[in-house]
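Single-structure report; data block below.
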Amino acid sequence: MAECKYRAMFFKELDIDYDPEEEKRLFNKETILKYADYLIRHKEPFSLAICIADSYQFLNKNYGNNDCANLLTMCRESLFKAIGEKGMVAKYGDDRYLVLLDGMNEYNDVWMVFHNVNMDLQTKKILNGEVPVSFTTGISRYPIDNQDVEGLLLTTNKALVRGKEKGKPCFIIYLAAKHSHIVLNEVKVTEFSTVEIISDLFNIANRSKTTKDLIDGIIKELGDFMNPDHLSVQSKNAVLAKFIGTNCQNKEVPPMEYNSICNRFDDNGLFFVNARKAAIAGEDRSLYEFYVKNTINSALCVEIACNDTKYGILRVEMVGNSHTWESKDKVLYTFAAKLLGTIIYNRSKNEGDQ
């Protein structure tokens, strides 16, 4: 398949292991969007879709995490079954997936793929069939609908808005004649929907009843959204919560020497290395040795603190391949750490005042 050729070339450039026969792999959202940009630069056709699990918010509000997780598993399985090697799937937020179909932009071909997704979902049941399992999906096509990734996300979201108006379940393939007039309410649809994830983190903070709920919720949300190899919160001596990326072989996240990181924080409480050799500073090799021992190639750490009270570290690590931390990574992880520090501080202060 020509599309697999381009995908293989793309992953080779990134120095990432890729098996074209691996059909049930959940990719990092960032990777899919970079691949979309790669296909645009090579003028190769593709389609981009956002699929929202319709019952997620209802389950989250009325039942809990286990039922939400079951729903997402069913949705993901139907995507993998219908798409196979024709495309790539990534988690795109709390209740949705991002899909890229390689080499496919003919209306009927795209229609058939998402028709098959919806047909397969109809065979699934949750809570004894009381809650439907379905997607509302918006789809756009390159180069028919737009010429860059951000523009395609805009048209995809317009199709999604029309889908919500039409009523679930449904999928809408963007057509300029029908959908170009739709006005999006978002401030701006960015490649990484940073505004959306920040809003979700605030909601988690407001809903959490305990510090454990707060930490677990933020780690899960950030992990699902960014899909790093390792994401964790560490106190001085222990890892309190962790997320392991879907494609990471190293499942161990041991606590690291707390002071070896604290001594390296900049004025914003941030430390990162794009390649572990950069962890060597002067005669102190302990951090570098920790990374070598645990096969960590790139790492980012943010101090969790508020008003000079230190609670721990937010750790993000990539295993195997080096990773260049971009400004959006630093902004999002720093925001999450600051939010954790502020909420923990305010709660401990309020408890002390009672």
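Readers should treat all values here as calculations from the given coordinates under stated rules, not as data from a laboratory. What you see is a predicted model; the values in this text were computed from it and never measured. As a convention, Cβ positions derive from the backbone with ideal geometry for all residues, glycine included, and neighbour counts pool all protein chains shown.
So here's what we get for this one:
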{"item": "Protection-proxy order for peptides 70-76, 36-42, 99-105, each taking the mean of Cβ atoms within 10 Å per residue, highest first", "result": "99-105, 70-76, 36-42"}
{"item": "The chain: relative contact order as a whole-number percent, Cα under 8 Å and 6+ apart", "result": "13"}
{"item": "Ascending count of other beta-carbon atoms within 10 Å, so fewest first, for Leu300, Leu152", "result": "Leu300, Leu152"}
{"item": "Which listed pairs, of Lys220/Lys330; Lys5/Lys166; Lys34/Lys236; Lys91/Lys124, have C-alpha distances above 27 Å, in listed order", "result": "Lys5/Lys166; Lys34/Lys236"}
{"item": "Ranking of Ser47, Ser260, Ser298 by count of other Cβ atoms within 10 Å, fewest first", "result": "Ser260, Ser298, Ser47"}
{"item": "Dipole of the chain [Lys/Arg +1, Asp/Glu -1 at C-beta], most positive-end residue of Ser327, Phe243, Ala159", "result": "Ala159"}
{"item": "Dipole magnitude (debye, nearest 20) for segment 45-96, charges at Cβ of Lys, Arg, Asp, Glu", "result": "100"}
{"item": "Nearest 10 degrees, 0 to 90: helix 107-121 Cα axis against the chain principal axis", "result": "60"}
{"item": "Whole-number percent relative contact order across segment 82-205, with pairs defined as alpha carbons under 8 Å at least 6 apart", "result": "19"}
{"item": "Packing-based order for 120-132, 52-64, 84-96, 221-233, using average beta carbon neighbours within 10 Å, highest first", "result": "221-233, 84-96, 52-64, 120-132"}
{"item": "Cα-based convex hull volume of segment 2-179 per residue, rounded to whole Å³", "result": "111"}
{"item": "Extreme residue, positive dipole direction of the chain, given options Ala90, Met226, Ser134 (C-beta unit charges)", "result": "Ser134"}
{"item": "Helical contribution to [θ] at 222 nm, DSSP H n ≥ 4, -39,500 (n - 2.57), averaged over the chain, rounded to 500", "result": "-14500 deg cm²/dmol"}
{"item": "Charge dipole magnitude, Cβ of K and R +1, D and E -1 - the chain, Cα centre, debye nearest 20", "result": "560"}
{"item": "Virtual spin-label span in nm between Ala8 and Arg347, 7 Å along Cα→Cβ", "result": "5.0"}
{"item": "Built amide H within the under 5 Å cut-off of Leu240, gap 5+", "result": "Val233, Gln234, Ser235"}
{"item": "Charge dipole (debye, nearest 20) of segment 194-353; +1 at Cβ of Lys and Arg, -1 at Cβ of Asp and Glu", "result": "220"}
{"item": "Amide hydrogen neighbours beyond the local backbone of Ile126, cut-off 5 Å, H modeled", "result": "Val131"}
